[in-house]
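Here's the structure we're looking at; comments come further down.
Any read-out appearing in this document is the output of simple, stated calculations on the displayed coordinates, not a laboratory observation. These numbers come from a predicted model, not from an experiment. No Cβ is skipped: glycine too gets one built from the backbone with ideal geometry, and neighbour counts run over all protein chains shown.
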Amino acid sequence: MKQQMFKKSRLAWLVGSAAVLLYGGTAVAAELSVCIDKSSPTAAMDSGLAHAIATQEANTLALHEFDGSGGGDDDGFSMKEFGKLAKATCSLVLGFPVDADSKSTPPGVLATTPYGHTGFVLVTPKGSKATTLDQLPKNTDVAVTYQTTPNLYFVDHPGVNADIHLTDDDALSALEKRKVHAAMLWQPTVVHYLVGKHEAARFSYHELDEPHAQFNLVALYDAEHAPAAMEFEKAIAALTESGQLAKLLAPYAQAGLAMPSSRGKSAMLKRSAVEGGIDRLCGSKKSSAKTDATPPALFTSTQADSGKIKYLTYCAMCHGPTLQGRAGPALTGPNFASAKAKFHVSEVFTIVANNMPATSPGTLAHEDYVEIMAFLLQQNGYPAGDKALTFEDATKSKVKLLYRAGPIDNK
Ligand code: HEC
């Protein structure tokens, strides 16, 4: 599920033809060779920065462009490809965004110290006083793009409504036409779109203090190019000192390091407090693994049965009759309820009850949502029992949602 959320957040870069612009060609003076993704909304910023770094280092620049868009193929640029680029094509890959909350970089490559930060922002028309989700008037529709991280933020902010669009352009166009008065989108995408239409002055954006909203920009490199990375860091320090860095990154990103979100932190603290408590009660780590192996019975089989019919009526057109996913993501299986996603029943239920069905969120009766949740749990391998699930239980349940039927990856 995490994977799906990130698919559209510019981490899914695809390899295409790599246009290679070699200046000189022979090994004369020292050369800085940099890879940039020409399909990224930050391409202009990345190339501007590459030129400034080369000038600072008194090196010639060899700019290698790769196409991360994949031309409609949605398989994504595999993270491994960055290793290949960094090893064989260039000494630095510029502009790679690293989630400030999870800090994961592609395998096999190293990352420089972050030189700037960007991320998902709250976009509002100029003049709006709200700078956070909670400051928006109650029931404001907030445009987001399908399968991007900000879809998750509605769970913690029930006062605003999700207005889900298939593409960033659709979400932006809803905002531009004032069909909605706020949107949560990837800052470089917003800037790219609005600057292109000469409309940047009509909107303001605010960094979101939410989990996985803040990203640091780093250059990726292979260990054998460590000297180039050190030179890069020195050049960045000089550009920071002279005040040039901030200008080179604006308006796509800000100079300096992003702070991890305070929400992410408090959620993490809460989670470890709960787990610590369970561990203390049960005595050892082994027993918490045992808790995972025998999931509690949260609902009755009658609930799951009528939940199935309601699921088929209200949800199947988007999530598929066997929950395999269609326009909406799969709702069963290890990709949905994976250990990585760290979902609890309450979180999934809140998404279902507040944001679903995507076309008319929150319109079903409480009982319908509860029975559909019972069906979802059943389909993910949870047993039925004697006690019926209530709306309140489902909203509060801290039981972990982990797919248990079929081939489980036991980690
Ligand atoms: C019109 C299409 C549509 C309908 C109908 C619909 N959904 Fe969704 N659903 C979506 C889309 C699109 C997403 C992905 C949104 C996002 O990015 O979070 C989604 C996301 C979800 C998620 C979060 C999954 C995840 O991996 O994060 C759950 C749970 C869910 N839907 C349950 C339901 C249930 C239950 C119903 C029926 C009450 C339902 N949906 C009806 C389109 C739909």
Only residues of segment 167-190 count here: report those whose backbone N is under 15 Å from the spot 7 Å along Cα→Cβ of Gln135, or say none. 182-183
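Placing +1 at every Lys and Arg Cβ and -1 at every Asp and Glu Cβ, with all other atoms neutral, what dipole size does segment 295-396 have around its Cα centre, in debye to the nearest 20? Intermediate results must be reported in sequence, preceding the final value.
Numbers: 7 positive and 8 negative charges, 77 e Å.
The calculated dipole for segment 295-396 is roughly 380 debye.
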Note down the net charge around Ser306, summing +1 for each Lys or Arg and -1 for each Asp or Glu among other residues with Cβ under 14 Å from its Cβ. -2
Which one, Ser306, Pro357, Val345, is farthest towards the positive end of the dipole of segment 289-411 when Lys and Arg carry +1 and Asp and Glu -1 on their Cβ? Val345
Inter-label distance for Leu166 and Lys87, nm, one decimal - labels placed 7 Å from Cα along Cα-to-Cβ: 3.9
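Taking the highest mean first, how do the peptides 317-329, 250-262 order by number of other beta carbon atoms within 10 angstrom per residue?
On the way: 317-329: 15.8, 250-262: 18.3.
Ranked by mean Cβ neighbours within 10 Å, highest first: 250-262, 317-329.
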Just rank Ile236, Ile53, Ile309, fewest to most, by other beta-carbon atoms within 10 angstrom. Ile309, Ile236, Ile53
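Once the convex hull of the alpha carbons of segment 92-244 is built, what does its volume come to per residue, in cubic angstrom?
Details: hull volume 19.6 nm³, N = 153.
Once divided by residue count, the hull of segment 92-244 is 128 Å³.
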Taking just the C-alpha trace of segment 105-158, give me its Rg and Dmax in Å. 15.7, 46
How long is segment 177-247 along each principal axis, judged by its Cα atoms, biggest number first, in Å? 51, 28, 21
Counting only residues 5 or more apart in sequence or on a different chain, those whose built amide H sits under 5 Å from that of His181 are Asp141
Using label points projected 7 Å from each Cα along Cα→Cβ, tell me how many nm separate Thr105 and Ala327, to one decimal. 4.1
If amide H atoms are modeled at 1.01 Å from N in the peptide plane, then the residues at a separation of 5 or more from His165, or on another chain, having amide H under 5 Å from its own are Val144, Thr145, Tyr146
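Past 30 Å, Cα to Cα, is the threshold; run Lys308/Lys396; Lys80/Lys396; Lys247/Lys340; Lys84/Lys340 against it and keep the listed order.
Where the Cα-Cα span goes over 30 Å, the pairs concerned are Lys80/Lys396; Lys247/Lys340.
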Where the convex hull is taken over the Cα atoms of segment 295-396, what is its projected area averaged over directions, in nm²? 5.8
